[in-house]
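Reviewing the structure listed below.
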Amino acid sequence: MLRLSELCKGYLDGTEFHSVLQGADLSLNPGDQLALMGESGSGKSTLLNLIAGLDKPESGEIWLGKTAIHAISERERTAYSRKNIGLVFQQYNLLPTLTVADNIRFCRQLKGLPDDDKLWLKLISALDLMPLLLRYPEEISGGQQQRAAIARAIYMEPTLLLADEPTGSLDERNADAVIRLLISLTKQLHCTLLVVTHSDKVASHMQGCIRLQGGQLHVTPRS
Ligand SMILES: Nc1ncnc2c1ncn2[C@@H]1O[C@H](COP(=O)(O)OP(=O)(O)OP(=O)(O)O)[C@@H](O)[C@H]1O
């Protein structure tokens, strides 16, 4: 469902070009659940941004199903991403003017889907968000914002969920619970899951691990 081929991306650092991805290849099947690991600065967020259609590669191909993400316009990429990709960012990116409840509904509404009371209740209770629904993002903690961002991404029922360190603000017990939940809920929705993490413990819950090293991707199935 997701195929990356010979993907290259870098940034201008002053006048010098700094290459981050150098011919990255990857193939994920529907329902795959993998961790993406690599040293700080190796390019994990850069890769997620490209897959999500938030940025364009210098060269190479990104296919999501039959859509060539690398070849479509920015407007088409945004529309495609809104419909198909759930995102949990490092900085959560909740909208400050909306309550937690409206934030969680936001991406599903953008996609044009009606509310799903069963899924809503499942998410709200599993992520322990009931007491926070009427608060605004600035009125809740970082870990609570992270849980709301996870609920928002799953509630839109994406075909691919990309999570950038989704348990970074949580203590170990909550991190463990949240990652198990992310895995079981995405499995129920037949959604492919790619989780950036620095934690071997988080990665051990996934089917396998992709390592980003030297600008290239290396897949290790769980032994
Ligand atoms: N917009 C940008 N402009 C210039 N350089 C950038 C930009 N975004 C990222 N970089 C550089 O690209 C490299 C990869 O960054 P990226 O954030 O993708 O790494 P990462 O693996 O996600 O790191 P971390 O684990 O610390 O979050 C880094 O050297 C970073 O400084």
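Quick notes
- So S73, is it open to solvent by 50 Å² or more (accessible area, probe 1.4 Å) and modelled with pLDDT of 95 or more: no
- Looking across the stretch 13-34 at every residue that is within 27 Å of I183 (Cα to Cα) and of a type in the set (D, E), the one that is nearest to the ligand (Cβ to nearest atom) is identified as D25.
- Just one of the listed residues (S81, S59) is more than 16 Å from the ligand (Cβ to nearest atom), free of Cβ contacts under 8 Å to residues at least 60 places away in the same chain, out of contact with any helix residue (DSSP H, G or I) (no Cβ under 8 Å at 6 or more places or on another chain) and under 15 Å from R3 (Cα atoms), and it is S59.
- Every residue from the stretch 32-51 that is surrounded by fewer than 15 Cβ atoms within 10 Å (Cβ to Cβ) and either on the phi < 0 side of the Ramachandran plot or touching a residue at least 24 places away in the same chain (Cβ under 8 Å) (or both): E39, S40
Yes/no per residue for (1) farther than 16 Å from L26 by Cβ; (2) at pLDDT below 90:
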{"residue": "R152", "(1), (2)": "yes, no"}
{"residue": "G168", "(1), (2)": "yes, yes"}
{"residue": "E172", "(1), (2)": "yes, yes"}
{"residue": "L189", "(1), (2)": "yes, yes"}
{"residue": "T197", "(1), (2)": "yes, no"}
{"residue": "Q207", "(1), (2)": "no, no"}
{"residue": "H218", "(1), (2)": "no, no"}
{"residue": "S223", "(1), (2)": "yes, yes"}
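- Taking the listed residues L50, L54, L21, L26, the one that is over 21 Å from L185 (Cβ atoms) and touching a His at 6+ places or on another chain (Cβ under 9 Å) is L50, with no other qualifying.
- Restricting Y92, Y11 to residues that are among the aromatic types (F, W, Y) and within 15 Å of the chain's Cα centre (by Cα) narrows the list to Y92.
- Just one of the listed residues (L123, L127, L113, L162) is in contact with a helix residue (DSSP H, G or I) (Cβ under 7 Å, 6 or more places away or on another chain) and more than 22 Å from K201 (Cα to Cα), and it is L123.
- Within the stretch 125-151, residues that are in a helix (DSSP H, G or I) sit with their Cβ atoms under 6 Å from residues that are open to solvent by 80 Å² or more (accessible area, probe 1.4 Å) and of a type outside the set (K, R), at 6+ positions apart or across chains, in these pairs: P137/P96.
- Residue check for E172: touching a Leu at 6+ places or on another chain (Cβ under 9 Å) and acidic (D, E): no
- Of all the residues in the stretch 35-50, those that are in contact with a Lys or Arg (Cβ under 8 Å, 6 or more places away or on another chain), outside any helix (DSSP H, G or I) and within 6 Å of the ligand (Cβ to nearest atom) number 2.
- Restricting G10, G86 to those that are within 16 Å of the ligand (Cβ to nearest atom) and not in a loop (DSSP other than H, G, I, E, B) reduces the list to G10.
- Some residue of the stretch 98-106 being modelled with pLDDT of 95 or more, closer than 14 Å to L185 by Cβ and surrounded by 12 or more Cβ atoms within 10 Å (Cβ to Cβ): yes
- One residue stands out among those in the stretch 152-185 that are in contact (Cβ under 8 Å) with a residue 40 or more places away in the chain and part of a helix (DSSP H, G or I): the one that is most open to solvent (accessible area, probe 1.4 Å), which is L181.
The values are calculated or read from the model by the stated rules, or taken from the named source; none is laboratory data. Predicted model only: the values in this text are computed from it and were never measured. Using ideal geometry, Cβ is built from the backbone for each residue, glycine included, and neighbour counts are taken over all protein chains shown. Ligands, DNA and RNA are excluded from the accessible area calculation, which covers all protein heavy atoms including side chains. Shrake-Rupley method; radii C 1.70, N 1.55, O 1.52, S 1.80 Å.
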